[in-house]
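The values are calculated or read from the model by the stated rules, or taken from the named source; none is laboratory data. Computed from a prediction, not measured in an experiment: that's the story for all the values here. Virtual Cβ from ideal backbone geometry, glycine too; neighbours counted across all protein chains shown. Calculation scope for accessible area: heavy atoms of the full protein, side chains included, ligands and nucleic acids excluded. Shrake-Rupley method; radii C 1.70, N 1.55, O 1.52, S 1.80 Å.
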Amino acid sequence: MNIIDKILSCPHCGHDQHINIDLSNGDQEYYDDCSACCNPIHIRAHIDEQHHKVELYIDADDEQIY
């Protein structure tokens with residue numbers, strides 16, 4: 001298994017929290033609730049195999065992309 005542990009800041013309240021991402025499943029998109037304010041955090045993980053890196057995108061659930 002290929003699991004990474006990262007610390008992210010909640011886009012709602014700024015609270016730091018740990019997340020574990022299992023990279024063996026490829027690209028992922030999911031929601032996790034903040035442990036402090038309980039608001040949903042949108043998390044996207046993209047595995048860039050060509051450059052050997054993982055890109056994380058963190059945003060609030062209520063943000064719109066146009």
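It is to be established whether one or more residues within region 11-24 are at pLDDT below 90 and among the hydroxyl-bearing types (Ser, Thr, Tyr).
Yes, region 11-24 contains a residue that is at pLDDT below 90 and among the hydroxyl-bearing types (Ser, Thr, Tyr).
For region 21-30, what are the residues that are in a loop (DSSP other than H, G, I, E, B) and not acidic (Asp, Glu)?
If the condition is that a residue be in a loop (DSSP other than H, G, I, E, B) and not acidic (Asp, Glu), then Gly26 is the only one that fits.
Looking at region 30-61, which of its residues are charged (D, E, K, R) and either under 18 Å from Ile3 (Cα atoms) or open to solvent by 90 Å² or more (accessible area, probe 1.4 Å) (or both)?
Matches in region 30-61: Asp32, Asp33, Arg44, Asp48, Glu49, Lys53, Glu55.
Just the residues that are modelled with pLDDT under 90 and part of a strand (DSSP E or B), please, taken from region 31-52.
Selection gives Ile47, Asp48.
Are there any pairs with C-beta distances below 8 angstrom linking a residue in region 1-24 that is open to solvent by 70 Å² or more (accessible area, probe 1.4 Å) to a residue that is modelled with pLDDT of 85 or more and of a type in the set (Asp, Glu), with the two at least 6 apart or on different chains, and if so which?
Hits for this filter: Met1/Asp22; Asn2/Asp22; Ile3/Asp22; Ile7/Asp16; His18/Asp5; Asn20/Asp5.
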